[in-house]
Amino acid sequence: MKKYNIYGMGAAIVDTEVVVNDSFIKENDIGKGLMTLVDVERQKYLIDSLTTQRVPVKMSCGGSACNSVVAASMFGSTAFFSGKVADDEVGDFFVKDLNKSGVDFHQVDPSNGVTGKCLVMVTPDAERTMNTNLGASLELTYREVDEEALTNSEWLYIEGYVVTDNQRTAVARDAMQFAKDNGVKTSLSLSDPFVVEVFSDNIKTIIGDDGLDLIFCNGDEARSFTGTHTIEAAAEGLKKYAKTFVITRGPGGSLVFDGNNLIHTDGVLASAVDTNGAGDMFAGAFLHALCRGKGFAWAADFANAASSRVVSQFGPRIKSIEYISLKQQFKLD
């Protein structure tokens, strides 16, 4: 039995989540519903503007893959995360918050720069808009990959956001290849429609000629990546890149391919307050279920239920009691 169920890799950033009106998005010329990379000055300007208005904020260790491994850990999986933070107050917060969630962390030495931060702005329609300064995350190198821990993991899970620069793309490519060479199952999230549209070549570099074991994406990402116009055509196109995949469809449930069959699963009705973290929770819950020996349809139902809990409240995390409640509901050890 391997020590870790899931080894995650991606941006190590601290999420600062706030509720804003659509007028704030428009007045500051922010691309609604998208993840946009910004510099330190731009991010500080936005945060200062909100602070002046005394808007309450919620902070947590974040980054897409980080959110997923935290979710899996809270459900009971053993999890490990590789990322890069700086020797600063924000970096200290990240590591402590991650460890508090039961996730082991590996970093050779901290950056001399600043730890990455993501300003997550949630509008009344529950849409989340992210302005991210990656900071030290951009300095991720293969030295941050703990090969011993990776070899001793069932799954490697990497977020698609790493493809926005060539250095991190190369690190992810090499980590995927190492995992394949050492019998570790490989998974990737496509993460964001804009990222897929602009950096599809880098995504294919990470996937490699022999493909991956599992890809997570939503409908927009699936269609963009495969150059198709329908979910059905996108599903067919994804078979070229992965043995199995999941296409999430929000309240419409998900479409999963288990290697043999394409399965439609129903969503769970929820009153959406904040969609931040829903896809991350889905991936974490889905991988946790697979690690417990469950099939794809079962895992998708469990992940849909977990995601519905996230969107019903503010922030990318659910309370500890909610993890217990979900496990009891699905009779999951």
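Place a point 7 Å from Cα of ASP181 in the direction of its Cβ. Which residues in the stretch 124-156 have their backbone N less than 17 Å from it?
142-153, 156
Work from the charge dipole of the chain (Cβ charges, +1 for Lys and Arg, -1 for Asp and Glu, about the Cα centre) and give the residue of VAL55, ILE321, SER68 farthest towards its positive end.
ILE321
Arrange PHE302, PHE216, PHE105 by Cβ neighbour counts within 10 Å, fewest through most, would you?
Working: PHE302 24, PHE216 29, PHE105 21.
Ascending Cβ contact count within 10 Å gives the list PHE105, PHE302, PHE216.
Using the Cβ atoms and a cut-off under 15 Å, what net charge is assigned to the surroundings of MET74, where Lys and Arg are +1 and Asp and Glu are -1?
Values: positive: LYS100, ARG292, ARG309, ARG317, LYS319, LYS327; negative: ASP97, ASP104, ASP280, GLU322, ASP333.
That works out to +1.
Whole-Hz Karplus ³J(HN,Hα) for the stretch 194-205, in order, using 6.51 cos²θ - 1.76 cosθ + 1.60 and θ = phi - 60°, x for Gly and Pro?
So the Karplus estimates, Gly and Pro as x, are 5, 4, 5, 5, 8, 10, 4, 5, 5, 4, 5, 4 Hz.
Convert 20 °C to kelvin, take the viscosity as 1.002 mPa s, use the Kirkwood radius over C-alpha pairs of the stretch 81-239 as Rh, and evaluate the Stokes-Einstein diffusion coefficient in µm²/s, rounded to a whole number.
Numbers: Rh = 16.9 Å.
Reported coefficient: 127 µm²/s.
So what's the net charge close to ASN131: Lys and Arg +1, Asp and Glu -1, counting the other residues with Cβ under 15 Å from its Cβ? Before the final figure, lay out each step's value.
Numbers: positive: LYS26, LYS32, ARG42, LYS44, LYS117, ARG128; negative: ASP15, GLU17, GLU27, ASP29, ASP39, GLU41, ASP48, GLU127, ASP192.
That sum, taken over residues with Cβ under 15 Å, equals -3.
Of all beta bridges DSSP finds with both residues in the chain, what is the antiparallel percent, to the nearest 5?
Values: 21 of 59 bridges.
The answer is about 35 percent antiparallel.
With θ set to phi - 60°, apply the Karplus curve 6.51 cos²θ - 1.76 cosθ + 1.60 along the stretch 56-68 and write out the HN-Hα couplings as whole Hz, x wherever there is a Gly or Pro.
Each residue of the stretch 56-68 in turn: x, 10, 10, 10, 7, 4, x, x, 4, 5, 4, 4, 5 Hz.
If you take P(r) over Cα pairs in 10 Å bins from 0, in percent from the coordinates, which of [x] 5, 20, 24, 21, 11, 6, 5, 4, 3, 2, 0, 0; [y] 6, 28, 38, 23, 5, 0; [z] 5, 24, 30, 25, 13, 2, 0 do you get?
Of the labelled values, this structure produces [y].
Sort out for me the Cα centre separation of the stretch 83-136 from the stretch 165-199, rounded to whole Å.
Taking the Cα centre of the stretch 165-199 as reference, the centre of the stretch 83-136 is 20 Å away.
Which order results if ARG317, ARG173 are arranged by neighbouring Cβ count within 10 Å, fewest first?
Working: ARG317 25, ARG173 19.
Listing ARG317, ARG173 from fewest to most nearby Cβ atoms yields ARG173, ARG317.
Leaving out same-chain residues fewer than 8 places away, which lysines sit with a Cα under 16 Å from that of LYS319?
Reachable lysines: LYS58, LYS100, LYS327.
What does the charge count near GLY208 come to, summing +1 for each Lys or Arg and -1 for each Asp or Glu among other residues with Cβ under 10 Å from its Cβ?
Within the 10 Å Cβ shell, the charges total +1.
For labels at GLN53 and GLU27 in the simple 7 Å Cα→Cβ model, what's the distance in nm?
Going from the GLN53 label point to the GLU27 one covers 0.6 nm.
For the stretch 95-106, take each phi angle, set θ = phi - 60°, evaluate the Karplus expression 6.51 cos²θ - 1.76 cosθ + 1.60, and give the result in whole Hz per residue in order, putting x for glycine and proline.
These are the phi-based 3J(HN,Hα) values: 4, 5, 5, 5, 4, 4, 8, x, 9, 6, 10, 10 Hz.
Assuming R0 = 22 Å, can you tell me the calculated FRET efficiency for the pair GLN329 and ASP220, based on Cβ-Cβ distance, to the nearest 0.05?
Details: r = 30 Å, r/R0 = 1.35.
That pair, GLN329 with ASP220, gives E of 0.15.
Read the figures in this text as sums done on the coordinates, not as results from a lab. Owing to the predicted nature of the structure, the values given are computational and were not obtained by experimental measurement. Note that each Cβ is placed from the backbone with ideal geometry, even for glycine, and that neighbours are counted across all protein chains shown.
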